Amino acid sequence: MGESITVTDNRNGASVEIPIVDGGVDSARWRDLLGGVWFYDPGMASTAVTSSAVAEIDGEAGILRYRGYPIEQLARSSTFPEVAYLLMYGELPDEAQLAEWSYDITRHTFIHENFRKRIYDAFHYDAHPMGLLVSGVAGLSTFYPEAKDIFDPENRRAQVVRMIAKMPTLAAAAYRFSRGLPFQFPDNEDDYPTRFLKMMFDIGGEYQPDPALVQAMRVLFILHADHGQNCSTTATRVVGSSHADPYTAIAAGCAALYGPLHGGANEAVINMLNGIGDYDSVDDFIAGVKEGKQRLMGFGHRIYKNYDPRAVIIKAAAHDVFKVIDKNPLLDIALKLEEVALADDYFISRRLYPNVDFYSGLIYQALGFPTNMFTVLFAIGRTPGWLAHWNEMVEQNSRIYRPRQIYTGAPLRDYVAIEDR
Ligand code: CMC
């Protein structure tokens, strides 16, 4: 045996030697020794729930790679459809493959009229667009009942294509609904980010986004495309592991993303910056964070104990955007917050650095997105990642998720009639 660990049960001296394979040890071998004793791991911080070939993350070194390709190179040179293909199928497409893929994810951008008129119209006018998106993605499963046949690879591909194609349409429709604006049909001549920006903002055919803004959107979609077994991907896998159709599984991913500790953090960052209000209030705000009054949103990460590599790219993208449009006044507050925090022992000792959400909201706001759309943008970017993990899980024929718990409730007791309580 190569590298291994030995676990000894001190109650009876029994022990088991378990090989270390790819940095993991097989829990089934521990179970042989410790039947009925569970590994207590809140938040699954020390548990590898699967093997995966989609994204590699080294949190200590600040490294993120999709299928082996460094995120910096993809952000610089690739397109979002190409990255989506890479995540799904493991290799960069050749010209013919990319042409077919781009055609497919363009041809399926439309959503059924009933969808917009009946499903979205049922919501209150000021509904949060993430609420609409979660419901919308789940609703798609009712339009494509054949999606339940998850073990047919061709069928899986059809749903993958539909979801990558329709997500921006659903997202833009949610926004236009909230503004009382007429729905804008997708223009299939445009590239992916341009098409989305036009569906969002065009009124009367006059909107043409600045190429620098299209570039920023491209980069942001790529940076959000995957991140291993994060909360929303895990939610997608948990639901998918029961063999639910992929729309329902991805709706679970969207729901998980909605929370402020995950995809809602970019919105929370802007609210925080607005709350701080001016440059001179930064020190007081940081003092409050250290006293535990609030968190510094956009800082810290379960995996990265170093600068989040996506934050480096987004910070540079923010500077590029603010060369062509007026600088977001909140940028100065953000830059000072970062400077103060990175020099402060509270953040240094806990290894808290800016994460992907610290600067992304500033760009979104500059592009004209309202804050409640930020998490929706994250969802569009993350869709290929969710799908790649779902597809990988189906191919692995993985088991249904069914963790254990440590029961700490009341011991056995007899029911007491209400008049005797
Ligand atoms: N501000 C202040 N203190 C923090 C922060 C923060 N943003 N994040 C962590 N800490 C402290 C925390 O109080 C704890 O201190 P102590 O040891 O004294 O109790 C220590 O650092 C460890 O924190 P934790 O909560 O155990 O860390 P976690 O791995 O469970 O949480 C996190 C990770 C991202 C939820 C957390 O860092 C956080 O709440 N950050 C702010 C929200 C945020 O920006 N989320 C976006 C994450 S990146 C996008 C994505 O992948 O979704």
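The values are calculated or read from the model by the stated rules, or taken from the named source; none is laboratory data. Fair warning: this is a prediction, and the values are worked out from it, not measured in the lab. In this analysis, Cβ positions are derived from the backbone assuming ideal geometry, glycine residues included, and neighbour counts consider all displayed protein chains. SASA here: full protein model, heavy atoms, side chains in, ligands and nucleic acids out. Shrake-Rupley method; radii C 1.70, N 1.55, O 1.52, S 1.80 Å.
Where in the chain lies the longest segment free of GluC sites (Glu not before Pro) that are both loop residues by DSSP (not H, G, I, E, B) and have at most 13 other Cβ atoms within 10 Å?
Excluding the exposed sites themselves, the longest stretch runs over 292-421.
Report ³J(HN,Hα) in whole Hz for each residue of region 281-293, in order, from the Karplus equation J = 6.51 cos²θ - 1.76 cosθ + 1.60 where θ = phi - 60°; Gly and Pro get x.
Listing the rounded values in order: 8, 4, 4, 5, 4, 5, 4, x, 4, 5, 7, x, 6 Hz.
How much solvent-accessible surface does D149 expose, in Å² to the nearest 10, with a 1.4 Å probe and all protein chains in place?
80 Å²
To the nearest 10 square angstrom, what accessible area does T106 show with a 1.4 Å probe?
Counting only protein heavy atoms, the figure is 30 Å².
Whole number please: convex hull volume per residue of the Cα set in the chain, in Å³?
Normalising the Cα hull of the chain by residue number yields 216 Å³.
Output wanted: per-residue J couplings in Hz (rounded whole) for region 300-314, from phi through Karplus 6.51 cos²θ - 1.76 cosθ + 1.60, θ = phi - 60°, x for Gly and Pro.
For region 300-314, the Karplus curve yields x, 6, 4, 9, 6, 10, 8, 4, 5, x, 5, 5, 4, 5, 5 Hz.
Using the crude model of +1 on Lys and Arg Cβ and -1 on Asp and Glu Cβ, and no other charge, please compute the dipole size for the chain relative to its Cα centre, in debye to 20.
The calculation lands at about 800 debye.
Which lysines does K198 reach when only Cα atoms under 28 Å apart count, and residues fewer than 8 places away in its own chain are ignored?
Cross-link targets: K117, K166, K315, K323, K327.
Starting at 0 and stepping by 10 Å, how many percent of the alpha carbon pairs of region 232-282 end up in each bin?
Answer for region 232-282: a P(r) of 27, 31, 20, 14, 7, 1 percent.
For region 287-421, calculate the relative contact order in percent as a whole number, restricting contacts to Cα pairs under 8 Å that are 6 or more residues apart.
29 percent
Using Cα-Cα distances under 8 Å and only pairs 6 or more residues apart, what relative contact order does the chain have, in percent?
Value for the chain: 21 percent.
Given the options A174, Y364, H243, identify the residue whose Cα lies farthest towards the positive end of the charge dipole of the chain (+1 on Cβ of Lys, Arg; -1 on Cβ of Asp, Glu).
Going by the charge dipole, the pick is H243.
Per-residue accessible area for F299 at 1.4 Å probe radius, Å² rounded to 10?
20 Å²
Long-range amide H contacts for A55: which residues qualify at under 5 Å (H placed 1.01 Å from N, peptide plane, sequence gap of 5 or more or a different chain)?
Long-range HN contacts for A55: R67, G228.
Using the alpha carbon gyration tensor of region 1-111, what are the three equivalent-ellipsoid semi-axes (square root of 5 times each eigenvalue), largest first, in whole Å?
43, 16, 13
Could you tell me the calculated FRET efficiency between Q215 and R29, based on Cβ-Cβ distance and R0 = 60 angstrom, to the nearest 0.05?
Between Q215 and R29 the formula returns 0.75.
Could you rank C231, C254 by how accessible they are, 1.4 Å probe, largest area first?
C231, C254
In deg cm²/dmol, rounded to 500, what helix-only [θ] at 222 nm does the chain give when every DSSP H run of at least 4 residues adds -39500 (n - 2.57) and the total is split over its residues?
Helix contribution divided over all residues of the chain: -16000 deg cm²/dmol.
Which residue, P354, P19, P211, has the most motion in a Gaussian network model of the chain that connects Cα atoms within less than 10 Å?
Result for the chain, Cα springs under 10 Å: P19 fluctuates most.
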